[in-house]
1. Return the distance in nm (one decimal) between the two label points of a simple spin-label model at LEU132 and ARG75, each offset 7 Å from Cα along Cα→Cβ.
2. Mind giving me the nanometre distance, one decimal, between the label points for SER187 and ASP11, set 7 Å out from Cα along Cα→Cβ?
3. Note the full-extension length gain between GLU61 and ILE145 as 0.36 nm times their separation in residues minus their Cα-Cα distance, in nm to one decimal.
4. With a 1.4 Å probe and all protein chains in place, put ARG168, ARG73, ARG127 in order of accessible area, largest first.
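The values are calculated or read from the model by the stated rules, or taken from the named source; none is laboratory data. Treat the numbers as computed from the prediction; the structure is a model and nothing was measured. Glycine also receives a Cβ, built like all others from the backbone with ideal geometry; neighbour counts cover every protein chain displayed. Just so you know, the surface numbers come from the protein's heavy atoms only, side chains and all, with ligands and any DNA or RNA stripped out. Shrake-Rupley method; radii C 1.70, N 1.55, O 1.52, S 1.80 Å.
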Amino acid sequence: MSSDFESYEQDFAVLTAEVTGRIGKVPKLVGDEKKQMVANVEKQLEEARELLEQMELEVREIPPQSRGMYSSRMRSYKQEMGKLEADFKRSRIAYSDEVRNELLGDDGNSSENQRAHLLDNTERLERSSRRLEAGYQIAVETEQIGQEMLENLSHDREKIQRARERLRETDANLGKSSRILTGMLRSFLTIPTLNSNI
């Protein structure tokens, strides 16, 4: 199972490295070349999200006692993914402002204000995304704890059942011993009576 995770992990590393390089080129391109680069980045980001989903499924299949290390790595990859998406948004915003200024002949002041406003909105969205991600992680960890508790309860139940079986066997043995002792006692009590009759 961990080998599948590591395979997805390698694919994710290669993919994110390519995306990082392409995002850096986006603001420098224009026209159809720009559109093609944006389309490529969007496609690769979607592939990266799918890889994260596959890795998440693999982590859920790993035994709880070995899951912590992989969960930590998943949190790191999700943060990296969020940073890539934010960088991609910024590169597109920068390009859009530049093109608009060229078309409208703006002096740049209003553009700077709009850029600051958009970046502020982007940061707020990122913070909201991180909070949602943290909530999701807490839910996953709670589910893991619940599974571990159920497993422990199942083991305890088996122990209790075995203890009950041993108790039943002990009761049965005590019953047999009691009957044997009662019989021996009766036999012992009848001996003086026989002697006196003789």
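1. 2.0 nm
2. Roughly 8.0 nm, to one decimal.
3. On the way: separation 84, 0.36 × 84 = 30.24 nm, distance 1.43 nm.
Extra length from GLU61 to ILE145 when fully extended: 28.8 nm.
4. Working: ARG168 140, ARG73 65, ARG127 95 Å².
Highest to lowest solvent-accessible surface, that is ARG168, ARG127, ARG73.
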